[in-house]
Amino acid sequence: RRKEKELRARELERMGRSVSPFAAPLSRVIHSVLDNSMSPEEKIWVDRIEALRDELVKQTERSVTMTDYGAGDPGDEYSQRESAEGMVITRIVSDIVQGGGLSYRWRFLLFRLLREFQPKTCVELGTSLGMSACYQSAALELNGNGRLMTLDGAASLAEIAVENFGKIGLQHRVESVVGRFQDTLNEVLRTHMPVDYGFIDGHHDEQATIDYFEQFLPFLADGAMLVFDDIMWYEGMQRAWQ
């Protein structure tokens, strides 16, 4: 662990000296995430969202039936036809929160990225129950500017997410768009261009991930940031990332 910390410190120092204008602020973001450092105002929002998540974890009797247009979980190996038509599944809210969402550190990373880089127009693919969207829209609220468009193919999940946005008072910072990404993404990008920030966290398939990247490109602002989750999902996602 000591060697890992030393390596981390050296790499972050090297990043901070890079000629790239994005390296130093990204280094600051990573430092703050590893140290879990935040201002008192930021902590208020983090605690509020985590309290909401704790409420969802307790919902062991509430089930959600949804149509999954993505690649499923590792090992599911949906065919292209199954992904296009959607697979109907039923899951417990508590299980979705604990098993399918981002860990706290990754949620906080998204929060810190938006606080540091101050994007105005943000797009997220993969809403689920809205926890990552809450962190991102809370950052925009603290920034005093910006709006998040969050897309998901499951109307039942989006309904709970919108409910959650209202519970913590962020409904004015985030808008839910329901439908398959191939049906909704282009219109969202075209309507809200230029896009400053995108979080790709849905349909974890090699070709789909590459396609979403290429679909975003014409609509991005100069200096825009794209964040990709689950790049180690399986070999296809690793190839897409490479």
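Before we move on, is Ser176 closer than 18 Å to Asp47 by Cβ and either open to solvent by less than 60 Å² (accessible area, probe 1.4 Å) or more than 14 Å from the chain's Cα centre (by Cα) (or both)? Spelling it out, it is not the case that Ser176 is closer than 18 Å to Asp47 by Cβ and either open to solvent by less than 60 Å² (accessible area, probe 1.4 Å) or more than 14 Å from the chain's Cα centre (by Cα) (or both). Among the residues of the stretch 5-52, count how many are within 20 Å of Leu170 (Cα to Cα) and either among the basic types (Lys, Arg) or assigned to a helix (DSSP H, G or I) (or both). Number satisfying all stated conditions: 13.
Residue-level check: of (1) under 21 Å from His204 (Cα atoms); (2) open to solvent by 60 Å² or more (accessible area, probe 1.4 Å); (3) in contact with a Lys or Arg (Cβ under 9 Å, 6 or more places away or on another chain); (4) modelled with pLDDT of 85 or more, Thr90 misses just (3).
Residues in the stretch 110-145 that are free of Cβ contacts under 8 Å to residues at least 40 places away in the same chain, open to solvent by 10 Å² or more (accessible area, probe 1.4 Å) and either within 21 Å of Pro25 (Cα to Cα) or more than 11 Å from the chain's Cα centre (by Cα) (or both): Gln118, Asn143, Gly144, Asn145.
Matching residues to (1) closer than 21 Å to Arg53 by Cα; (2) touching a Ser or Thr at 6+ places or on another chain (Cβ under 7 Å); (3) at pLDDT 95 or above; (4) in a helix (DSSP H, G or I):
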residue	(1), (2), (3), (4)
Thr67	no, no, no, no
Gly75	no, no, no, no
Arg112	yes, yes, yes, yes
Pro119	no, no, yes, no
Asn164	yes, no, yes, yes
Val177	no, yes, yes, no
Gln182	no, no, no, yes
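Restricting the stretch 19-36 to residues that are surrounded by 15 or more Cβ atoms within 10 Å (Cβ to Cβ) and polar (S, T, N, Q), which is farthest from Leu110 (Cα to Cα)? Going through the qualifying residues, I end up with Ser27. Residue count for the stretch 99-110 satisfying the condition of being in contact with a helix residue (DSSP H, G or I) (Cβ under 8 Å, 6 or more places away or on another chain) and either assigned to a loop (DSSP other than H, G, I, E, B) or within 14 Å of Leu226 (Cα to Cα) (or both): 4. Could we say that Ile44 is of a type in the set (Val, Ile, Thr), within 20 Å of Val227 (Cα to Cα), open to solvent by 40 Å² or more (accessible area, probe 1.4 Å) and within 21 Å of the chain's Cα centre (by Cα) here? Taking the combined requirement at face value, the residue does not satisfy it.
Every residue, every condition in (1) open to solvent by 20 Å² or more (accessible area, probe 1.4 Å); (2) of a type in the set (A, V, I, L, M, F, W, C); (3) in contact (Cβ under 8 Å) with a residue 60 or more places away in the chain, yes or no:
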residue: Arg190; (1), (2), (3): yes, no, no
residue: Phe199; (1), (2), (3): no, yes, yes
residue: His203; (1), (2), (3): yes, no, yes
residue: Gln207; (1), (2), (3): yes, no, no
residue: Ile210; (1), (2), (3): yes, yes, no
residue: Leu217; (1), (2), (3): yes, yes, no
residue: Leu220; (1), (2), (3): yes, yes, no
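The values are calculated or read from the model by the stated rules, or taken from the named source; none is laboratory data. Here the structure is a predicted model, which is why all the values come from computation and not from measurement. So basically every Cβ, Gly included, is an ideal-geometry build from the backbone, and we count neighbours across all protein chains shown. Note: areas computed on protein heavy atoms with side chains; ligands, DNA, RNA excluded. Shrake-Rupley method; radii C 1.70, N 1.55, O 1.52, S 1.80 Å.
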